[in-house]
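Participant: Encoded as structure tokens, here's the structure I'll be asking about.
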Amino acid sequence: MTTPDDDGWQPLPRRARTLFMLGNGLGFGLLALGSLIPIGVLLRDTQWLALGLALASLVLLPGFGLWLAHRQFRHARWLLDDTGFGWRRGRLWHAETRVPRTRVQHVDLKRGPLERRFGLSTLVVHTAGTRDSAVAVQGLDAADAERLRDRLAQQVDDDDGHFAGAGDVDA
């Protein structure tokens with residue numbers, strides 16, 4: 001279990017960092033492998049330069065991916081309060097998404113094999129509207145994700161019940 005920031009924003013559990021690093025390390029590692037082809041083709045006449053760039057690519061790109069994953073993990077936070085759900089990420093390019101509870105349509109949980117292995121889940125909050133109609137939060141503790149799902153679903157049920165009888169009038 002993680003402790004919230006002073007302003008109530010919850011960090012992701014430490015084991016989610018491994019998931020972030022695996023994803024970014026693999027992605028940037030594949031990019032590094034893919035860069036070997038243009039390096040070899042464009043620099044075939046200068047083998048020493050091609051070899052140096054290839055080695056640099058194989059070391060620097062995955063290394064950058066791991067560094068980036070660590071930064072992404074450190075600056076990811078979520079919040080559930082009376083107004084709705086919030087997802088904050090990034091430091092240099094800070095992004096914050098707020099979903100008012102009245103806009104929540106339904107909530108899903110997803111658990112891939114790696115997430116199950118680390119006791120994590122992805123919470124998907126579907127919203128009313130067409131632009132950015134779902135907010136997916138990867139790397140949540142499985143228990144936190146279930147609690148969030150249940151609480152957001154309860155808010156949807158409460159709102160539906162509140163509005164269902166409001167317009168009913170017998171004529």
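Participant: Could you tell me the relative contact order of segment 41-122? Use alpha-carbon pairs under 8 Å, at least six residues apart, and round to a whole percent.
Facilitator: Computed value for segment 41-122: 14 percent relative contact order.
Participant: Then there is this: With θ taken as phi - 60° and the coefficients 6.51, -1.76 and 1.60, list the Karplus ³J(HN,Hα) couplings across segment 20-27 in order, rounded to whole Hz; mark glycine and proline as x.
Facilitator: 4, 5, 4, x, 6, x, 5, x
Participant: Hey, can you grab everything whose amide H is under 5 Å from the amide H of residue 140? Only 5+ residues off in sequence or another chain; H modelled, so Pro and N-termini drop out.
Facilitator: For residue 140, whose amide H was placed from the backbone, the distant partners under 5 Å are 121, 123.
Participant: Assign unit charges at the C-beta atoms only (+1 for Lys and Arg, -1 for Asp and Glu), then state the dipole size of segment 77-163 relative to its Cα centre in Debye, rounded to the nearest 20.
Facilitator: Its charge dipole is roughly 540 debye.
Participant: Near the amide H of residue 106, under 5 Å away, which other amide H atoms are found, from residues 5 or more places off or on another chain, if H is placed in the peptide plane?
Facilitator: 126
Participant: Would you mind putting 96-105, 38-47, 18-27, 139-148 in packing order, based on average other-beta-carbon counts within 10 Å, highest first?
Facilitator: 139-148, 18-27, 96-105, 38-47
Any read-out appearing in this document is the output of simple, stated calculations on the displayed coordinates, not a laboratory observation. Since the structure is predicted, the reported quantities are computational estimates derived from the model, not experimental observations. Methodologically, a virtual Cβ is constructed for each residue, glycine included, from the backbone with ideal geometry; neighbour enumeration extends over all protein chains shown.
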